[in-house]
Amino acid sequence: MKWPDHGGQPLQLQEMLQEKKRNLLDFSANINPLGPPDWVKEAAVEALDAMTVYPDPDYKTAAEAAAESENIPPQQVLITNGGAEAIYLAARLVTGGKVLLIEPSFKEYRLACAHYQITIDTVSYKNNHFPAADIAAKINEVDAVFICRPHNPTGTLSAKEEVEQLMHAAPDTYFFVDEAFIDFLPETEKLTSLLAENPKLVLLRSFTKMFAIPGLRSGCLLASEEIIQKLQSWQMPWSVNTISAALIPKMTADKKFVESTVAWLEEELHWIRSSLNTHRWSMSESRVNFYILRDKELDDHEPLLRFLMQEGIAVRHTYNFDGINGSAVRAAVRSRNENNQLLRALRRWEESH
């Protein structure tokens, strides 16, 4: 039996480890613990009134709302079935070509490349730092590069200036920048302002992480009008359901919820980091709602996964992140009480191991 492909699969993790079934506190999924906002359920129920009618195939209202939020024309927005559809649509732009992946990275990039017969080259993060020089050495030899920003699984953030310099050095290369977790950072960290000067920049976005609605699959893709037209012609008709499309204008308008989450998260990350025993634990310099955690006395972290599961906690394994391969775990940032439960479990691990 194989390891679960993604976080948010505690039952599959229990089966993989052949552990006794129990309710688990799930730290494996990177979802905002402050959401969904109170208005989401009411708006979703209200949208059900339109379920007997086909959605607008162009999702005009949703696209206009997303465009207004980003201060770009609506012709530069494509509404997608979550960030995953955006990844596959972007990859299709370089079918049969060559792509650079920066490992460790989100598994769907590799799967999307395989789907479109794309050859993969790789570079690796150095001590959780963005390998700009290594990317620059290969960037003109590939048709596209996937950049995860903020980076999954470490939660670290490459500097906007580094990405901009790489684009200037390789004007013929597509830059697929996955900004699925960018909403957890100040607005100034977004790359939207670079779209006008970089016609091969494609930004992949997700609404589901910030607003805690992964079951509704809601995302968008930002790019030049020419790229959007091409991707729209490839997109499956009605790929986004009525409820998701109806929520997008409300999500893009709810700046207060986003800002309060960003402020809360910064404080909570600081508290978690200051509460860890740094002699025993190494925590990535994350700026978003998840982080890599490594026991300095452990190589393979399967024993820690098992221990935490017996404590009623599921964290994300890293066996399918190339370059980590089980030598750490990934944990989400949850409420203060829940984060404290994880920290207490880690202290019990220290005492017994």
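Spin-label pair SER335-GLU68: with each label point 7 Å from Cα along the Cα-Cβ axis, the two points sit 3.4 nm from one another. Under 20 Å of direct C-alpha separation, and excluding same-chain neighbours fewer than eight residues apart, LYS126 reaches these lysines: LYS107, LYS138, LYS160, LYS296.
For the chain, DSSP calls about 45 percent of its internal beta bridges antiparallel.
Listed from fewest to most Cβ neighbours within 10 Å, the set TYR59, TYR125, TYR54, TYR116 follows the order TYR54, TYR116, TYR125, TYR59. Note: relative contact order over the chain, using C-alpha pairs below 8 Å and six or more positions apart, is 24 percent. Computed about the Cα centre, the dipole magnitude for the chain is approximately 940 debye when only Lys and Arg (+1) and Asp and Glu (-1) carry charge, each at its Cβ. Listed by number, the DSSP H helices of the chain that run 20 Å or longer by alpha-carbon position along their axis and have mean Kyte hydropathy of at least -0.5 are 255-275. For the pair THR95 and GLU259, label points projected 7 Å from Cα toward Cβ lie 4.5 nm apart. Computed from Cα atoms alone, the Kirkwood hydrodynamic radius reported for segment 24-141 is 18.1 Å.
Among the listed pairs LYS190/LYS256; LYS230/LYS255; LYS209/LYS255, which are separated by more than 23 Å between their Cα atoms?
Numbers: LYS190/LYS256 18 Å; LYS230/LYS255 31 Å; LYS209/LYS255 15 Å.
Flagged as over cut-off: LYS230/LYS255.
Can you give the FRET efficiency for SER282 and LYS138, using 1/(1 + (r/R0)^6), R0 = 45 Å, r = Cβ-Cβ distance, to the nearest 0.05? Efficiency, rounded to the nearest 0.05: 0.95. Eigenvalues of the alpha-carbon gyration tensor of segment 210-277, scaled by 5 and square-rooted, set the equivalent ellipsoid semi-axes at 34, 15, 13 angstrom, largest first.
Percent of alpha carbon pairs in the chain separated by more than 34 Å?
Within the chain, distances greater than 34 Å cover 26 percent of Cα pairs.
If the segment from LEU194 to ARG273 were pulled out straight at 0.36 nm per residue, it would be longer than the present Cα-Cα gap by 25.1 nm.
Within the straight-line cut-off of under 15 Å between alpha carbons, the aspartates and glutamates reachable from LYS200 are ASP143, GLU164, ASP172, ASP178, GLU225, GLU226, sequence neighbours fewer than 8 places apart in one chain being disregarded. For the pair segment 271-349 and segment 194-224, the centres of their Cα atoms are 28 angstrom apart. Projected label points at SER233 and HIS168, each 7 Å from Cα along the beta carbon direction, are separated by 3.4 nanometres.
For segment 75-162, taking Cα atoms only, Rg and Dmax work out to 13.1, 40 Å respectively. Put simply, segment 69-110 fits an ellipsoid with semi-axes of 23, 13, 11 Å; these come from the alpha carbon gyration tensor as the roots of five times its eigenvalues, largest first.
Across all Cα atoms of segment 100-240, the radius of gyration (one decimal) and Dmax (whole number) stand at 14.8, 43 Å.
Read the figures in this text as sums done on the coordinates, not as results from a lab. Given the structure is predicted, the values throughout are model-derived calculations rather than measurements. We place every Cβ from the backbone using ideal geometry, glycine too, and count neighbours over all the protein chains shown.
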